[in-house]
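Structure first, commentary second.
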Amino acid sequence: MGWKHPGITAAVSLAALAGAAGIFVAFATPKSRPAAAIRVEITPERVERGRYLFHSVADCASCHSPRDASKFAMPFDPARTGAGFVFPKELGFPGAIVGPNITPDPETGIGRWTDGEKIRAIREGISRDGRALFSLMPYRQFAKMSDEDIYSLVAYMNSRPPVKNPLPRTSLQFPVSVLNRFEPAPVLTPPQPPSPRDAVRYGGFLAGLACIQCHSELNKGKPVQGREFAGGHEFAVGQFIVRSANLTPDHETGIGSWTEERFVRRFRDYGGLTYASAPRAVQANLTVMPWFGFSRMKDEDLRAI
């Protein structure tokens with residue numbers, strides 16, 4: 001048996017470990033579990049609740065519908081609700097990000113998905129084929145929603161007319177393409193969202209659904225810890241850049257001087273807007289805030305937020 005230099009042996013061992021780790025990372029798949037064998041019953045109550053969540057709280061509509069940048073607040077044609085949206089590359093995300101078509105179209109949408117697969121995607125960030133959804137999809141927040149609210153979302157999506165709209169898949173750049181696989185995690189216990197009677201905790205829950213993703217600085221699609229609701233996230237609208245507002249109680253740069261009535265009125269000011277009546281977007285009114293949906297949020301939910 002030949003003599004081996006200890007330094008060479010250690011280097012070979014380290015190289016082997018690094019190679020094994022590289023192989024593991026390269027072929028790692030996200031944590032997931034089989035989609036539940038469940039069929040959501042479509043009832044008028046669920047469809048109505050799902051419509052409210054889809055448009056006015058969780059704001060699924062804004063990321064999954066083609067938006068018109070030529071109009072105030074970048075609205076979408078109601079006839080193409082859920083047909084998908086390609087995020088402008090100027091936003092600086094790590095790759096080509098696409099909010100897929102989530103209408104029941106069987107070829108370009110989710111018409112062939114089971115209800116269990118839809119629920120798993122919403123709550124756990126796993127696509128039908130086992131891929132990890134990009135963490136811009138706020139499935140960590142949606143995982144806190146009650147079973148009934150998730151069923152209502154699915155019931156509403158199932159009730160929508162199919163829209164044929166072929167889109168490319170999201171394509172992430174390295175290393176985010178690898179790191180993103182480690183983000184999803186199965187939801188193993190039924191969530192217990194706070195009661196509306198506990199206004200502060202319930203408001204925090206709603207703000208996590210409606211506000212945190214756009215009003216926080218993001219890193220790889222996730223809010224930066226410690227900077228939640230502080231604003232500053234940049235959105236490209238044509239040749240202009242829009243920055244989200246600071247929603248913390250800071251009196252100088254946030255909304256610390258606002259009254260509750262002023263906060264609610266800010267939303268109600270846009271209550272009559274429709275896609276057809278939206279004014280032309282100009283620099284003075286530039287915004288990507290989805291006022292069309294949020295202006296229809298219930299008073300008690302706005303006051304809790």
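The values are calculated or read from the model by the stated rules, or taken from the named source; none is laboratory data. Keep in mind the model is a prediction, meaning the values are calculated, not measured. We place every Cβ from the backbone using ideal geometry, glycine too, and count neighbours over all the protein chains shown. Please note that ligands, DNA and RNA were not included when accessible areas were found on the heavy atoms of the full protein model with its side chains. Shrake-Rupley method; radii C 1.70, N 1.55, O 1.52, S 1.80 Å.
The figures follow:
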| read-out | value |
| --- | --- |
| Restricting region 282-305 to residues that are open to solvent by 20 Å² or more (accessible area, probe 1.4 Å) and of a type in the set (S, T, N, Q), the residue that is nearest to Arg243 (Cα to Cα) | Thr287 |
| Count - residues of region 44-63 that are more than 27 Å from Leu188 (Cβ to Cβ) and not hydrophobic (A, V, I, L, M, F, W, C) | 8 |
| Every residue from region 126-174 that is of a type in the set (Gly, Ala, Ser), touching a residue at least 40 places away in the same chain (Cβ under 8 Å) and either closer than 26 Å to Glu45 by Cα or out of contact with any strand residue (DSSP E or B) (no Cβ under 8 Å at 6 or more places or on another chain) (or both) | Gly130, Ala143, Ser146, Ser152, Ala155, Ser159 |
| Residue check, Phe267 on the phi < 0 side of the Ramachandran plot, surrounded by 12 or more Cβ atoms within 10 Å (Cβ to Cβ) and in contact (Cβ under 8 Å) with a residue 40 or more places away in the chain | no |
| One residue from Gly92, Gly111, Gly84 being touching a strand residue (DSSP E or B) at 6+ places or on another chain (Cβ under 9 Å) and under 21 Å from Ser159 (Cβ atoms) | Gly84 |
| Residue in region 204-241 that is nearest to Phe182 (Cα to Cα), counting only those that are of a type in the set (Phe, Trp, Tyr) and in contact (Cβ under 8 Å) with a residue 40 or more places away in the chain | Phe205 |
| Exclusive hit being under 25 Å from Ala69 (Cβ atoms) and in contact with a Phe, Trp or Tyr (Cβ under 9 Å, 6 or more places away or on another chain), set Gly293, Gly272, Gly238, Gly232 | Gly293 |
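Residue by residue, here is whether (1) of a type in the set (Gly, Ala, Ser); (2) at pLDDT below 95 holds:
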| site | (1), (2) |
| --- | --- |
| Leu136 | no, yes |
| Arg140 | no, yes |
| Asp147 | no, no |
| Ser152 | yes, no |
| Met157 | no, no |
| Val163 | no, no |
| Leu167 | no, no |
| Ser171 | yes, no |
| Val176 | no, yes |
